[in-house]
Amino acid sequence: MRLRRTPLLALVSLSLFAGVATAHGVTTRFDAPIPLPLLFGGAGVTVALTAVFLTATVEHTPTGTRRFSLVTPDVGTALPRIARVAFLALFLFILATGAIGPTNARDNPATLFTWSVWLKGVGLLAVLFGSPWRTLAPWRTIYDGVSKVEGDELVMFDYPNSLGDWPALVGFLALVGIAENLTQIPNSPRLTAILLAGYTLFMLVGGVLFGKTWFERADPLAVLYRLFGRVAPFKLEGSGIDLRPPWRGCLHPVRSLALSAFVVASVYTVSFDGFTETPEYQAILFSARDATGLGSVVSLPLYLAGFLGFLLVFALVAVLTRRIAGSESGGESWQRMARAFAPTVVPIAVAYEVAHNYPFVLQQASRLLAVLGGPEVELLGWLSLPAFWASQVLFIVVGHLVAVIAAHYVALERTNRVGWAHLPLTALMVGYTILSLWIISRPVAT
């Protein structure tokens, strides 16, 4: 019973700091170069026609991974060790500056580094090369160091099967969905340091109790970056860099329904983050405040209600796919369908994550460099507003196209009636393409 109360207490505690505090994004929106209905319709039709084209022309899943190796120097284990120690030292520095450094978030390395260079920047790195988090995670470095001193891995119990990947999902909702997007924590170096210290303590205690499995299944950042790594076009393998299609890593099902829900949460949360900047959300927020009398805390139930809505839609898609496939699905349940198709949604989450956050990462990295005494370099100086708009549309549409390709291959594996069985997921992707473009087209509420 105690284990079940912990996530609830964490969410309630975070709600005490609730407000609307977007931690990133550009400061303005602008008109599209073409009428928005044409943009939305063109993008939706592109995604839909891609699905139709694949259904008509592609009848077999890839039989192997085509890889092209680029020779690189063999650095052995030296580089990962250096990276581990460097990131741990940086992490300790961030804790210290967050606790005793400047109180202004724009002048403190703790806030500048944690919410952009670390949280979003490592995510962008995972999108390109696969997750580096097993190497960089500071709590894992501490745990491995203590285990080495003790001469044996620290573990008291086997990881409970009943926990599965649910701790990572709850952690993601609490850390990214609520703490980052709905509270003032990203604007406070002190609160950021406290959050990081609590996160570290939670990870280390879990590691001592359940060993390394805890870091793989309960750390929300480990799970998030690992999912992002599924679309990585570059894969570091030994002394080479292997190239692969971005949909290749999305053809294998996730191991649990919790991870399926995690994928949905990653798509929903970055969309919700963008939606909170729009006048439409502000109108909903103030109406809910007036109706409930909860004040700024009402943003928490709004976020959770939206997440449940996204979950129900995805579950409905899995159920419809199972029913359309009928006997040709091999008797698979809708839960197995959900696990199989969840990875095909990852490219959508990645596309919007990159589109929404790459300006924020570059902007904050420039500021961090200046705060640390380096030169003032404007890393976004090359990015005009039209170019930014074009990049947003390009990332979103390409991400959805990759998702459609992955979904087609998965449908081929699950049923021979791929044209009809693919229809619910295609409709979902077309709808989300239009929703994503609509969000980035809206003006920022001030």
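Residues that are surrounded by fewer than 20 Cβ atoms within 10 Å (Cβ to Cβ) and assigned to a loop (DSSP other than H, G, I, E, B) were ranked within segment 391-446; the one that is modelled with the highest pLDDT is Arg442.
Given the residues Ser147, Ser131, Ser116, which is the only one that is free of Cβ contacts under 8 Å to residues at least 24 places away in the same chain and not acidic (Asp, Glu)?
Being free of Cβ contacts under 8 Å to residues at least 24 places away in the same chain and not acidic (Asp, Glu) holds for just one of Ser147, Ser131, Ser116, which is Ser147.
Test Thr292 against the stated conditions and say whether it is in contact (Cβ under 8 Å) with a residue 40 or more places away in the chain, over 30 Å from Pro138 (Cα atoms) and not aliphatic (A, V, I, L, M). For Thr292, the condition - in contact (Cβ under 8 Å) with a residue 40 or more places away in the chain, over 30 Å from Pro138 (Cα atoms) and not aliphatic (A, V, I, L, M) - is not met.
Being over 21 Å from Pro186 (Cβ atoms), in contact (Cβ under 8 Å) with a residue 24 or more places away in the chain and either surrounded by fewer than 16 Cβ atoms within 10 Å (Cβ to Cβ) or basic (Lys, Arg) (or both) is true for just one of Arg339, Arg367. Which residue is that?
The conditions single out Arg339.
From the list Val298, Val354, the one residue that fits, being among the β-branched types (Val, Ile, Thr) and in contact with a Phe, Trp or Tyr (Cβ under 8 Å, 6 or more places away or on another chain), is Val354. Does any residue of segment 98-105 turn out to be surrounded by fewer than 19 Cβ atoms within 10 Å (Cβ to Cβ), outside any helix (DSSP H, G or I) and at pLDDT below 75? No, that holds for no residue. In this structure, does Ile348 turn out to be modelled with pLDDT of 90 or more, crowded, with 17+ Cβ neighbours inside 10 Å and aliphatic (A, V, I, L, M)? Yes: the conditions hold for Ile348.
Checked against (1) in a helix (DSSP H, G or I); (2) closer than 24 Å to Leu124 by Cβ, His252 passes all but a single condition, namely (1). In segment 168-222, the residue that is nearest to the chain's Cα centre (by Cα) out of those that are closer than 18 Å to Gly123 by Cα and in a loop (DSSP other than H, G, I, E, B) is Asp219. Taking segment 111-139 as the range and being charged (D, E, K, R) and over 18 Å from Leu195 (Cβ atoms) as the test, only Arg134 passes. Do we have any residue at all in segment 269-281 that's in contact with an Asp or Glu (Cβ under 7 Å, 6 or more places away or on another chain), part of a helix (DSSP H, G or I) and in contact (Cβ under 8 Å) with a residue 60 or more places away in the chain? Within segment 269-281, one or more residues are in contact with an Asp or Glu (Cβ under 7 Å, 6 or more places away or on another chain), part of a helix (DSSP H, G or I) and in contact (Cβ under 8 Å) with a residue 60 or more places away in the chain.
The values are calculated or read from the model by the stated rules, or taken from the named source; none is laboratory data. Remember, it's a predicted structure, so these values are computed and weren't measured experimentally. Neighbour counts run over all protein chains shown; Cβ positions are idealised from the backbone, glycine included.
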